[in-house]
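To start, the structure itself, in C-alpha cells.
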Amino acid sequence: MFALANIVAVGLGLIAFAVVLNSWNSTSGALVAAGVGGVVAAAVWLVWNRLVGLRPVGKLTGLPKVGSIPADPPRPTPTLTDPGSDAARAYQRAASRLEASTRGRVLLVSGMRPGQGATTAALNLAVAGTYAGRRVVLIDGDVPRGILSSFGRTGTKPGLVELSSGTAELSEAARLWSIGEKSRLPFIPSGVADGNGTRLDGGGLATAMEPVTTAADLVLIDTAAGDDEALAALGEVADGTLLVVPRAANRATIDELEARARRSGAPPVGYLINEAAPSPASIDQHPILRSLKRALATALLVLLAYGVWTGFQIWGSWRGVEREGLDVQRAETLLELPAEGIVDTAITDDVAAAVTAVPSNESDFLSVLIVGSDLSGSLADVIMLAIVPANGDDPVLVSIPRDLYLPNRCTKSYTKINANLAGCGDDVNGPTLLALAVEDFTGIPVDHLALFTFDGFEEIIDEVGGIEICVDYPVRDSKSDLDLPAGCTQATGEQALAWVRSRRTQELVDGRWRTMSGVSDLTRNERQQEVLLDMFSKLRNFNSPADLTRTVRSLTNAFTLDDHFGITDAIGLAWDMREINPATVVTIDIPVQAQTTAAGAAVLVPTAPFNELLDEIYPDLVVSGELGSAPDE
C-alpha cells in the first residue's frame, strides 16, 4: 500500500512539474516547477496517509486486543527482573486476557518482522502465566536464530527439529526452567537443522507434541517472522496465532500478517501491541515533517529526472552530428613543401616572408577553425579562427579573407586560401587541407574544425532569435539577395547571411542607389566577426534547459564537426567561455594589399607575418625567439 501511495504521489508530482514547466519554461521555472511538484507529491501522500495509510492497529483489524506493553521497559524480561514494573503488570494482564479472549491452547506468537518484540512477548507471557499458576509451556520455533534457546542456556539440541524428525524423544528435548523459588517453566529449544536444510516436519511434530498439547493449559511457540515453511509445519500443531504489532501500521501490512497466519493453518486469534516496537515508515515522526521530507525528495527527484532527460536529448543530438576527418599532421607529411618553397613570380620577398609563420606554443591555447562553405561545398566563403588561451585570458577571433593569396600544398602553387576546401584528391580531404593552410599561415595548430553551409548558418541565426543589423540607409545587393530597410532590423537567418556575404552593398541615398563607401572583402570579414560575436552572446544565455536542448539540436544539425571533437571537448570549451563577454573578445585584422595575379585574378596578399600580429596581443602564445624566424633548436 505504501509503495502504491509513493507511486501515485510522485506521479502526480511529476504531472504538476510538467504543467508548471510548460507554462514557465525557464531555469527559474524549472526550479519552481520542481518545488510545486514536491509540494503536490507531499500533499497527496499526506492525504493518502490520513485516509488509507498508517493508522492505529485497532482500526485495521477486528481481532481482540490482548494487551498493550509500555515502551521502554526496565529490561527485556520485566516479568523476571522487575515483577512490580508497569511492563510486568501489562504482561500479567495480557496473559490473563489471552486465555479468556482467545480459543485454543497452542498459540504461535508472530510479529510483522524481526525485531518487533514477538520473542520477548512470548517469553514474558509464558513467565506471567506460570506465575499465575497456569500450566504453560514455552517453545522456541525460530530455528534459524534460536534466541530463546540461547537465553535459557540449556542448549539448543535436541529440540524441536529433532522431535519432528523422530531422532529424539520428548523427554530428551524438554527442559525445565526455574523462574522462581516455586515456579518452573517447561521449555523446548529449537534444535538444529540438518545438513540438507531440513527444519521441521509438521506431521512428526504433531505426533511428538501430542502429550504436551494435551496436558498444558497454554503452549506458546515463538516463530520466525516471514519463515513460511516453518510456519506451515508449526501450524499443524497450533490452534491459532497471536500477532505482536506496533501501535500503528497500514492496512496492507496488517492484512498480509493475518493472511500469513491463516495460510499456516493457525488463524489469528488476537493481537498484542508492543509500544517499543518501531512502526513502519517512521511513524514516530510527525506527519508534517515526513511530508516536508517527501516534498524535498520529490523535488530533487524530478530535477534529477529532468536533468537526465535533458542530458539524454543533448547526447542524442550530439551523436547525430555529421563528422569529417581531420588529420593535419598526416596531410603535412603527405604534402611536404619543396625545399625551396613554393614560388610565384607575383609574390615579392616581403610578401613571401609574411606568409611564413613562426610556430606557436600549442599547449597554451585551444583553437577552433570555423568554416562556412558556398553552395558548391568546394570553396570556403567564411574562414574564422577562434583562439582560446588556456590561462583564461580573453579569446582571439581571426577572420581570414577568403581571397588571401597563400601557398597551396596540393597544387604546389599560390592560390586563394578558400580553394583549399576542395581538398587534394583522395589523399587529403578539403577541411584538412584548409586547416593545414591556416596553420602554415598563422603558425596556430588547429585543434578542431566546425564546418557549416549557408542553410546551416541561417538555421543557427533563426534558432537564437535573429540578430540586430543597423544601417543608416536602405541597403541591397542583388548578388547576395540583401535587402534591408534603414534603421535597425532584427534580421532573420536569411537576411544575416545576405549581409555577411555582400561584397557590393548599395545604399539608397536621396532617392539614388550608390555603392557603400569602403565596402570590400575585408568589410565582409568585419561583418562576419560582428555577427558571430552577436550570435555567441545569445548562445551563452539560455532561459531553460529546453532552450539549451533545442539550441544544441540546431547546432548539431547545422554544423559538421571534426571526428575528434567529442562532447566532453564541447562541454569543456563552453565551460571555459561561460564568463567571457563577447564585447571583450580580441579581434585580429590581417593587413593585406590588393594585387592581380599573372592570370588576372584579384587577390589579397598579407603585408605582415601573423606572429607579429599575435605578439602584439598575446606574446606568450608565440614561441620565444626572433620574430619571423624559426625558434632556436
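The values are calculated or read from the model by the stated rules, or taken from the named source; none is laboratory data. Values in this document were obtained by computation on a predicted structure and should not be read as measured data. Glycine also receives a Cβ, built like all others from the backbone with ideal geometry; neighbour counts cover every protein chain displayed. Please note that ligands, DNA and RNA were not included when accessible areas were found on the heavy atoms of the full protein model with its side chains. Shrake-Rupley method; radii C 1.70, N 1.55, O 1.52, S 1.80 Å.
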Summed side-chain charge close to residue 140 - residues other than residue 140 whose Cβ falls under 11 Å, Lys, Arg +1, Asp, Glu -1: 0
Can you tell me the equivalent ellipsoid semi-axes for the range 217-273? Use √(5λ) from the Cα gyration tensor, largest first, whole Å. 19, 13, 9
Can you give the FRET efficiency for residue 82 and residue 391, using 1/(1 + (r/R0)^6), R0 = 60 Å, r = Cβ-Cβ distance, to the nearest 0.05? 0.20
Residue by residue, what Karplus-based ³J(HN,Hα) values in Hz, rounded to whole numbers, does the range 259-274 have, using 6.51, -1.76 and 1.60 with θ = phi - 60° and x for Gly and Pro? 5, 5, 5, 5, 4, 6, x, 10, x, x, 10, x, 9, 10, 8, 9
Hull surface over four for the Cα convex hull of the range 32-175, reported in nm², is 13.0
Which value in nm describes the separation of the simple spin-label points at residue 135 and residue 300, placed 7 Å from the Cα toward the beta carbon? 6.1
How many nm is it between the label spots at residue 332 and residue 612, if each spot is 7 Å from the Cα in line with the beta carbon? 2.4
In terms of the Cα gyration tensor, with a ≥ b ≥ c the square roots of its eigenvalues, is the range 132-193 rounded because a/c is under 1.5, prolate because a/b exceeds b/c, or oblate? prolate
Short version: ³J(HN,Hα) in whole Hz for each residue of the range 500-505, in order, from phi by Karplus 6.51 cos²θ - 1.76 cosθ + 1.60 (θ = phi - 60°), x for Gly and Pro, what are they? 6, 8, 5, 10, 10, 5
Test of the criteria: in the range 402-457, which chymotrypsin sites (Phe, Trp or Tyr not before Pro) are in a DSSP loop and have at most 13 other Cβ atoms within 10 angstrom of their Cβ? none
For residue 462, the accessible surface traced by a 1.4 Å probe with all protein chains present amounts, in square angstrom to the nearest 10, to 90
For residue 564 the rounded accessible area (nearest 10 Å², probe 1.4 Å, non-protein molecules ignored) is 110
Give, as a single signed number, the net charge of other residues whose beta carbon lies under 13 Å from the beta carbon of residue 108, with Lys and Arg counted +1 and Asp and Glu -1. -4
Once amide H atoms are placed 1.01 Å from N in the peptide plane, what residues at a sequence separation of 5 or more from residue 137, or on another chain, have their amide H within under 5 Å of its amide H? 218, 219, 220
So what J values fall out for the range 147-163 if you push phi through Karplus, 6.51 cos²θ - 1.76 cosθ + 1.60 with θ = phi - 60°, rounded to Hz, Gly and Pro as x? 5, 5, 4, 6, 4, x, 6, 10, x, 9, 10, x, x, 4, 4, 5, 5
Grab the Cα-Cα distance for residue 8 and residue 481, subtract it from 0.36 nm times how many residues apart they are, and report the gain in nm with one decimal. 164.5 nm
Can you give the local net charge around residue 62? Use residues other than it whose beta-carbon is closer than 13 angstrom to its beta-carbon, Lys and Arg +1, Asp and Glu -1. +1
As a test question: what accessible area, to the nearest 10 Å², does residue 135 have when a 1.4 Å probe is rolled over all protein chains in place? 140
With every protein chain kept in the model, how would you rank 306, 131 by accessible area, 1.4 Å probe, largest at the top? 131, 306
Between residue 450 and residues 5 or more places away or on another chain, which pairs have amide H atoms under 5 Å apart, with H built 1.01 Å from N, and which residues are they? 369, 370, 371
